[in-house]
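Mind looking over this structure? Questions follow.
What follows draws every value from the coordinates through simple rules; no lab data is involved. On a predicted model such as this, the values are computed, not experimentally measured, just so you know. Here the Cβ is made from the backbone with ideal geometry for all residues, glycine too, and neighbour counts use every protein chain on show.
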Amino acid sequence: MNATMEKFGYPATLIAEYEHWVVLLRPAQPTLGALVLAAKSDATAFGDLPAAAHAELKQVTAAIEAALRQASDYARINYLMLMMVDPHVHFHVLPRYEETRSGAGLTIADAGWPGPPDLAQAVKLDEDQQAAMTAWIKSYFV
């Protein structure tokens, strides 16, 4: 585990785990089903990841997109690699949609639609909400 994974709640927010990557619930939800795709490595540059980690992205992103399609019926999906505050390689994965979406007892609007996501409008989940949302999204992963 690296510090970036820990910041996003690992292991409590773990949705799926692969050899080189983990999929975590994003504790602040700018859109319903927002995730963090984090490399298990200590790499702080995308190009520093081993070739096997890059190859595994095909499998991981396909699983994420299939699960989020079922969970939120998104219109678009954004992968944001920001790495300004949290230095280890990771993406913020945001399902995007025009109308509100509901799941795990929450209803969340995409405040930035149709433009860039508005991360400042994220719904901050408490521990119970995080647990419910993690279980809900995990149920869509095969």
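Could you derive backbone 3J(HN,Hα) for the range 120-125 from the dihedral phi with the Karplus parameters 6.51, -1.76 and 1.60 (θ = phi - 60°), listing whole Hz in sequence and x where the residue is Gly or Pro?
5, 8, 4, 7, 7, 8
log₁₀ I(q)/I(0) of the range 1-62 at q = 0.29 Å⁻¹, via Debye over equal Cα point scatterers, no solvent, to two decimals?
-1.28
Sticking with this structure for a sec: What's the angle, to the nearest 10 degrees (0 to 90), between helix 127-138's Cα axis and the longest principal axis of the chain?
Helix 127-138 and the main axis of the chain meet at about 80 degrees.
Quick one: among Ala71, Ala45, Ala63, which has the greatest mean-square fluctuation in a GNM of the chain with alpha-carbon springs under 10 angstrom?
Maximum fluctuation in the GNM of the chain, among the listed residues, is at Ala45.
Okay, moving on. Points 7 angstrom from Cα along the Cβ direction at Ala45 and Tyr79: gap in nanometres?
In this crude label model, Ala45 to Tyr79 measures out at 2.0 nm.
Please compute the net charge surrounding Lys124, taking Lys and Arg as +1 and Asp and Glu as -1 over other residues with Cβ under 15 Å from its Cβ.
Here the charged neighbours net out to -2.
Next up: For the range 3-138, what is the charge dipole size about the Cα centre, in debye to the nearest 20, if Lys and Arg each add +1 at the Cβ and Asp and Glu each add -1 at the Cβ?
It works out to roughly 200 debye.
Let me ask something else about it. With Kirkwood radius over Cα pairs in Å in mind, check (1) 17.6; (2) 18.3; (3) 15.0 and report the label derived from this structure.
(3)
Among Arg26, Arg69, what is the fewest-to-most ranking by other Cβ atoms within 10 Å?
So the residues, fewest neighbours to most, are Arg69, Arg26.
Once phi is turned into ³J(HN,Hα) by the Karplus curve 6.51 cos²θ - 1.76 cosθ + 1.60 with θ = phi - 60°, what whole-Hz value does each residue of the range 34-43 show in order, with x for glycine and proline?
Computed from phi, the couplings for the range 34-43 are 4, 10, 10, 9, 10, 6, 6, 5, 8, 4 Hz.
Let me ask something else. Below 15 angstrom from the Cβ of Met5, what's the summed charge of the other residues (Lys, Arg +1; Asp, Glu -1)?
Local net charge: -2.
To continue, here is another question. Quick one: what are the phi-derived ³J(HN,Hα) couplings along the range 85-102, Karplus 6.51/-1.76/1.60 with θ = phi - 60°, whole Hz, x for glycine and proline?
Result, ordered by residue: 9, 9, x, 6, 4, 7, 10, 8, 10, 10, x, 10, 7, 7, 9, 4, 10, 10 Hz.
Going by amide H atoms built from the backbone, whose H comes under 5 Å of the H on Asn78, apart from near neighbours?
HN-HN under 5 Å from Asn78: Leu94, Arg96.
Nearest 500 deg cm²/dmol is fine: what mean residue ellipticity at 222 nm does the chain get from its DSSP H runs of n ≥ 4 alone, each adding -39,500 (n - 2.57), divided by its residue count?
That calculation yields -8500 deg cm²/dmol at 222 nm.
Just want the ordering: Ser102, Ser72, from fewest to most Cβ atoms lying within 10 Å of their own Cβ.
Placing the least packed residue first, the sequence is Ser102, Ser72.
What is the sum of charges around Gly115, taking Lys and Arg as +1, Asp and Glu as -1, for the other residues whose C-beta is under 14 Å from the C-beta of Gly115?
-1
Something else: Taking H as built 1.01 Å from N, whose amide H comes closer than 5 Å to the amide H of Ala16, not counting residues under 5 places away?
For Ala16, the qualifying residues are Val23.
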